[in-house]
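Q: Input: one structure, supplied below.
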Amino acid sequence: MNQHTPSFVSHIDSYVYHALQGITGRMVAVQTVRGTVTGLLKSVLPDHIVVESGGAPFFIRTQQIIWVIPRG
């Protein structure tokens, strides 16, 4: 029996990762390939960020981010 183990591959943009870590806890506008999400930047991980908008968490893959604007 041949078993395959799934693997996860992600490219990390270290500049974006470190820049976003510096604004964690602030309000942001995040432009993605699907549109803009505005809310509180709750957490930053190497492959995604979490933005709380309207009481709901939005999990955004770092590779899908076009730009981020800190607000306030």
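The values are calculated or read from the model by the stated rules, or taken from the named source; none is laboratory data. Quick caveat: nothing in here was measured; it's all calculated off a predicted structure. All accessible areas refer to the heavy atoms of the entire protein, side chains included, with ligands and DNA or RNA removed. Shrake-Rupley method; radii C 1.70, N 1.55, O 1.52, S 1.80 Å.
Q: Evaluate Rg over Rh across the chain, taking Cα atoms for both radii and Kirkwood's formula for Rh.
A: 1.10
Q: Could I ask something else about it? On a full-extension model of 0.36 nm per residue, what is the gain between residue 64 and residue 21, subtracting their alpha-carbon distance, rounded to one decimal in nm?
A: 13.8 nm
Q: Next up: How much of the accessible area of the chain, in percent, comes from carbon and sulfur atoms when a 1.4 Å probe is used?
A: 56 percent
Q: Using a 1.4 angstrom probe on the protein heavy atoms only, line up 13, 47 by accessible area, largest first.
A: If we order 13, 47 from most to least accessible, we get 13, 47.
Q: Still on this structure, please answer the following. Pull up all non-local amide H partners of residue 58: gap of 5 or more, or a different chain, and H-to-H distance under 5 Å with H placed in the peptide plane.
A: Hits under the 5 Å cutoff: 51, 52, 53.
Q: Sum -39500 (n - 2.57) across every DSSP H segment of at least 4 residues in the chain, then divide by the residue count to get the 222 nm mean residue ellipticity, nearest 500.
A: -3000 deg cm²/dmol
Q: Something else: Report the extension gain between residue 13 and residue 31 in nm, rounded to one decimal, defined as 0.36 nm multiplied by the number of residues separating them, less their alpha carbon distance.
A: 4.8 nm
Q: For the chain, what does the accessible surface come to per residue with a 1.4 Å probe? Please give it in Å².
A: That works out to 71 Å² for each residue.
Q: With θ set to phi - 60°, apply the Karplus curve 6.51 cos²θ - 1.76 cosθ + 1.60 along the range 26-38 and write out the HN-Hα couplings as whole Hz, x wherever there is a Gly or Pro.
A: Result, rounded to whole Hz: 9, 6, 9, 10, 10, 8, 10, 5, 9, x, 10, 10, 10.
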